[in-house]
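Participant: Have a look at this one before I ask anything.
Just so it is clear, none of the values below were taken in a lab; they were calculated from the coordinates. Only a predicted model underlies this, so the values are computations on that prediction, with no experimental measurement involved. When we count neighbours, we look across all protein chains shown, and the Cβ atoms used for this are built from the backbone with ideal geometry, even at glycine.
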Number of protein chains: 2
Amino acid sequence: MAKRPYDLPPLSALASFEAAARHVSFKEASRELNVTPAAVSHQVKALEAELGQLLFHRKQRGVVLTEAGALLFVSLQRGFEEMADGVQRLKRAAHDAPVVIQATSAVSSLWLTSRLARFWKDHPDIQVTQHVMDKVEASDGVDLLINYGEMPANSQNCFPLFGDRIIALASPAVAEKYSVRNLEDFENVPLIHLNDNLLNWTSWQEWAERLGYQGSYRRGTFVDNYIVALHAAQDDIGFILGWEKLTRQLRKTGALVQVLEVSIEAPHIYYIETRNSSSEKVSKLRDWLLAEAKASPDFN
Amino acid sequence: MAKRPYDLPPLSALASFEAAARHVSFKEASRELNVTPAAVSHQVKALEAELGQLLFHRKQRGVVLTEAGALLFVSLQRGFEEMADGVQRLKRAAHDAPVVIQATSAVSSLWLTSRLARFWKDHPDIQVTQHVMDKVEASDGVDLLINYGEMPANSQNCFPLFGDRIIALASPAVAEKYSVRNLEDFENVPLIHLNDNLLNWTSWQEWAERLGYQGSYRRGTFVDNYIVALHAAQDDIGFILGWEKLTRQLRKTGALVQVLEVSIEAPHIYYIETRNSSSEKVSKLRDWLLAEAKASPDFN
DNA sequence: CACCATTGTTTAGTTTTTCTAATCTGATAT
DNA sequence: ATATCAGATTAGAAAAACTAAACAATGGTG
């Protein structure tokens, strides 16, 4: 097969030489490289040995480049410059690029959006883009991902955000009109069902079973999106299941009220996942959100 | 003071990444770099961590460059190419450049030249230039230097070549005409004296003193150059001092004959000194000459 | 003129980096 | 299904790089 396309001496030696040549001083070079002059001396000596020619004339006081050294120096400078340019561009691009966080429309509107607004006040330099998508898979270019489901074990990219309880809700008008007293009553009232194609939503059926009731809840309307379902509930369409914490604000404002004093622990938890990038900014946002979830467990 | 002008990640990581990107394969890269795939994996991972962004998409089978990776790759390639160019030029220049060996005209004509001709037969790829100069100081650009004098102690650039004895010589005609029987006889015959401005030549006076004779040798002619002196001797101008070994050939052909069966050990030795370059070619010639001096101590 | 401050070198030993061996993972091809 | 392939991961080994200290050579200073 092809031999090494660049038959270069050790790069560390080249870097030491370049610095020494630029400063015309081993001492200065060593300061720049955060090493002792001895280290630079070693590297340059090794390079000279490898190339089989002197790169510096050792003068009484300091060093002077030989002709060969000068020749090498300009090439190295150009080379390093080129590389540094590329790295610089990369860093700048990373700096300018926003952090992309993906969440379902429900999480986004009920929890994430208001917090991102606050995050931006703390970190005006970090641009954040929300990617609202009611699917489990992450699209390309997503840095963070808030999932509801079973958190993969021993993945250091996933961190639990919060768990929740599931309760029954309705608009005050609906609640008053049907006055549900027990689980059986739900069989004869309009329920809002979610078509759970991809997410792990808990259905009315599952919810009741968890609470020990075996009846069948068939009445009501089906919608595809939890936010739509919430709006439907507020429009007096019927009863809806909801997360206790996530709907706290809606209950506080009286838009919805809890029906029956029963609840189940949500079968899954919300967790945050790091994807693609391990950049500073991403970690910052992730840690901020984790702290946020921890700091206000009751969503005050 | 100024920060590092090139704020580059570890160069070894860049080199590993470049190879991996070029092959689009950690495995191939590892073969090129003579390391295991694990090593490449480590380096790339470290680089990604440092830059805070993924450089490869890890696919089910192998890897693919990310956009960022591709961007970095072209810069690195250009950079390495630039550097390799410089190194290449340097090596080529060193390869093409002849080895320069400096010697006095005497050593050159009596010992070195014929040997260099033989060296060239053994090593036709190594070009050798003679720099004949009857001074002690080496001029710039000289790689090897044959000196006569006191060899500096503990210098690993100097190697003893040979010592010699000093005898009195003359052309057969002169020898017969004056028939010198003892040291005193030299006082009344034409002597050839060397103006020793710089070299450590032994004068007739010193020679005789070493042999225990206190007379004064004033008669004769003065010349500046030993080769001229030798020619003068062959032209029957007078008696001359010479090295036993170096003049062997002249005596063999009958051009000169030894006068009086006395001789002194030369006060100094011939030694060879390495200057400037420590290139392969220089070492080769030096070692060859040392072996030559050792192999034929009698100058057969 | 002695003496100190500079700059680079050298040696030997330590620290850091880099690499390997072995084991895993996850997915494709047979 | 099973083998295979490319890469990841881990802990520990090997190699490279570095440092400390003593040295050498020189130039400036009191």
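Participant: Given the criteria on the phi > 0 side of the Ramachandran plot, in contact (Cβ under 8 Å) with a residue 24 or more places away in the chain and surrounded by 16 or more Cβ atoms within 10 Å (Cβ to Cβ), does B:G242 qualify? Give the derivation first.
Facilitator: Details: on the phi > 0 side of the Ramachandran plot: no; in contact (Cβ under 8 Å) with a residue 24 or more places away in the chain: yes; surrounded by 16 or more Cβ atoms within 10 Å (Cβ to Cβ): yes.
Against the criterion (on the phi > 0 side of the Ramachandran plot, in contact (Cβ under 8 Å) with a residue 24 or more places away in the chain and surrounded by 16 or more Cβ atoms within 10 Å (Cβ to Cβ)), B:G242 does not qualify.
Participant: Here's another thing I want to ask about it. Report yes if some residue within the range A:10-20 is more than 12 Å from DNA strand D (Cβ to nearest atom) and part of a helix (DSSP H, G or I); otherwise report no.
Facilitator: Within the range A:10-20, the subset more than 12 Å from DNA strand D (Cβ to nearest atom) is A:18.
Checking the rest, the ones that are also part of a helix (DSSP H, G or I) come to A:18.
Yes: one or more hits.
Participant: Also: Take the residues in the range B:36-53 that are more than 11 Å from DNA strand D (Cβ to nearest atom) and outside any helix (DSSP H, G or I); name whichever of them is farthest from B:E67 (Cα to Cα). Break it down into steps so the answer makes sense when it comes.
Facilitator: The initial filter retains those residues of the range B:36-53 that are more than 11 Å from DNA strand D (Cβ to nearest atom), namely B:47, B:50-53.
Within this subset, residues satisfying the condition of being outside any helix (DSSP H, G or I) are B:52-53.
Working: B:G52: 14, B:Q53: 10 Å.
By that ranking, first place goes to B:G52.
Participant: Right, next: Going by what's in this entry, would B:Q60 be described as more than 7 Å from every other protein chain (Cβ to nearest Cβ), within 29 Å of A:Q53 (Cα to Cα) and not in a helix (DSSP H, G or I)? Break it down stepwise before answering.
Facilitator: On the way: more than 7 Å from every other protein chain (Cβ to nearest Cβ): yes; within 29 Å of A:Q53 (Cα to Cα): no; not in a helix (DSSP H, G or I): yes.
So B:Q60 fails the test.
Participant: Let me ask you something else. So which residues in the range B:242-287 are charged (D, E, K, R) and more than 14 Å from every other protein chain (Cβ to nearest Cβ)? Talk me through it step by step, then tell me what you get.
Facilitator: In the first step, residues of the range B:242-287 are kept if they are charged (D, E, K, R); the result is B:244-245, B:248, B:251-252, B:261, B:265, B:273, B:275, B:280-281, B:284, B:286-287.
Hits for the range B:242-287 are B:E244, B:K245, B:R248, B:R251, B:K252, B:E261, B:E265, B:E273, B:D287.
Participant: If you go through the range B:74-85 one residue at a time, do you hit one that is over 30 Å from B:L144 (Cβ atoms), in contact (Cβ under 8 Å) with a residue 40 or more places away in the chain and facing chain A (nearest Cβ under 8 Å)?
Facilitator: Yes: one or more hits.
Participant: Pairs needed: first member in the range A:50-71, of a type in the set (F, W, Y); second member anywhere, more than 10 Å from DNA strand C (Cβ to nearest atom); C-beta distance under 9 Å; at least 6 residues apart or different chains.
Facilitator: Hits for this filter: A:F56/A:F17; A:F56/A:A21; A:F56/A:L65; A:F56/A:T66; A:F56/A:G69.
Participant: Residue by residue through the range B:28-40, note down the ones that are within 12 Å of DNA strand C (Cβ to nearest atom) and within 19 Å of B:Q77 (Cα to Cα). Step through it out loud before you land on a result.
Facilitator: Just the residues of the range B:28-40 that are within 12 Å of DNA strand C (Cβ to nearest atom), to begin with: B:29-40.
Matches in the range B:28-40: B:A29, B:S30, B:R31, B:E32, B:L33, B:V40.
Participant: For the range A:75-130, what are the residues that are under 19 Å from the mean Cα position of the chain (by Cα), among the small types (G, A, S) and farther than 21 Å from A:L199 by Cβ?
Facilitator: A:A93, A:A94, A:A97, A:S114, A:A117
Participant: Take the residues of the range A:50-67 that are out of contact with any strand residue (DSSP E or B) (no Cβ under 8 Å at 6 or more places or on another chain) and closer than 17 Å to B:T274 by Cβ: which is surrounded by the most Cβ atoms within 10 Å (Cβ to Cβ)?
Facilitator: In the first step, residues of the range A:50-67 are kept if they are out of contact with any strand residue (DSSP E or B) (no Cβ under 8 Å at 6 or more places or on another chain); the result is A:50-54, A:58-62, A:67.
From what is left, the residues that are closer than 17 Å to B:T274 by Cβ are A:51-54, A:58.
Numbers: A:L51: 22, A:G52: 18, A:Q53: 24, A:L54: 19, A:R58: 11.
Result: A:Q53.
Participant: Pairs needed: first member in the range B:201-221, more than 11 Å from B:L183 (Cβ to Cβ); second member anywhere, surrounded by 13 or more Cβ atoms within 10 Å (Cβ to Cβ) and among the small types (G, A, S); C-beta distance under 6 Å; at least 6 residues apart or different chains.
Facilitator: Cβ pairs passing all conditions: B:G220/B:G238.
Participant: Could you tell me how many of the residues in the range A:2-42 are on the phi > 0 side of the Ramachandran plot, aliphatic (A, V, I, L, M) and within 12 Å of another protein chain (Cβ to nearest Cβ)?
Facilitator: 0
Participant: Can you confirm whether A:E81 is of a type in the set (D, E) and within 16 Å of DNA strand D (Cβ to nearest atom)?
Facilitator: Numbers: of a type in the set (D, E): yes; within 16 Å of DNA strand D (Cβ to nearest atom): no.
No, not satisfied.
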